[in-house]
Amino acid sequence: MKLIAAVDKNWAIGNNNKLLISIPDDMKLFRESTMGNVVVMGRKTLESFPNKKPLKDRINIVITRDLNYSVEGAIVCHSVEEVLEELKKYDTDNVFIIGGGSIYEAFEPYADTALITKIDYEYEADTYFPALPKMGWELVEESEEQTYFDVIYSFNVYKKVK
């Protein structure tokens, strides 16, 4: 199972249910990584998408406490345990946790790889990703520095140290 996110210097990922910044190459990496795979997200993440619709060409699993919640084109689960049971149907290498903050936190113990776009900036934020280096994760790959206008970022791969 993989975690995938773009984070700032403080591991922030969002503010007011929106991404901190939209970087085209990060969006491309997200699309290419998750296409044809399983994506797991919270209800608020789903509702932040255009038209509040599941992502095309992926198996969308949405986790919510709302027992009456339903959305066309997605599997709705109501607990981490229920999601883990659903995920037994799929190869764990094809499962991506895509947010938000509490969902990353809940599934971090089950993940072994994190694809992180690290942005060299501090944004105003209200949602954070688990600070992986403090949790026994190791940076195993880092791209060369990239720029998008005046924003500097890199693509990183973290692995959980066993």
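Counting only the Cα atoms, region 53-117 fills a convex hull of 109 Å³ per residue. When the P(r) of region 24-162 is calculated, the portion above 18 Å amounts to 60% of the C-alpha pairs. Only the Cβ atoms of Lys and Arg (+1) and of Asp and Glu (-1) were treated as charged; on that basis the dipole of region 31-82 about its Cα centre amounts to roughly 220 debye. With Cα atoms as the point set, the radius of gyration and Dmax of region 1-103 evaluate to 13.2, 38 Å.
Expressed to the nearest 5 percent, the antiparallel share of DSSP beta bridges inside region 1-145 is 15 percent. Relative protection proxy for 62-73, 23-34, from highest mean packing down: 23-34, 62-73 (other beta-carbon atoms within 10 angstrom). Applying 0.36 nm per residue to the separation of V140 and K53 and subtracting their alpha-carbon distance, the gain on full extension is 27.9 nm. Straight-distance candidates among the lysines for linking to K159, with alpha-carbon spacing under 21 Å and chain neighbours fewer than 8 residues away dropped: K2, K9, K118, K134.
Once the Cα atoms are used to define both axes, helix 24-34 deviates from the longest principal axis of the chain by about 40 degrees.
Bridging of K56 to aspartates and glutamates at a Cα separation below 13 Å is possible for E32, E72, once same-chain residues fewer than 8 apart are set aside.
For the peptides 138-146, 96-104, the ranking by packing is 96-104, 138-146, with the highest mean count of neighbouring Cβ atoms within 10 Å listed first. What share of all Cα pairs of region 86-162, in percent, falls into each consecutive 5 Å distance bin? Percent of Cα pairs in each bin: 3, 12, 21, 23, 20, 12, 5, 2, 0.
Values in this text are rule-based calculations from the coordinates and carry no lab data. Treat the numbers as computed from the prediction; the structure is a model and nothing was measured. Neighbour counts are summed over all protein chains in view; Cβ atoms, including those assigned to glycine, are modelled from backbone coordinates with ideal geometry.
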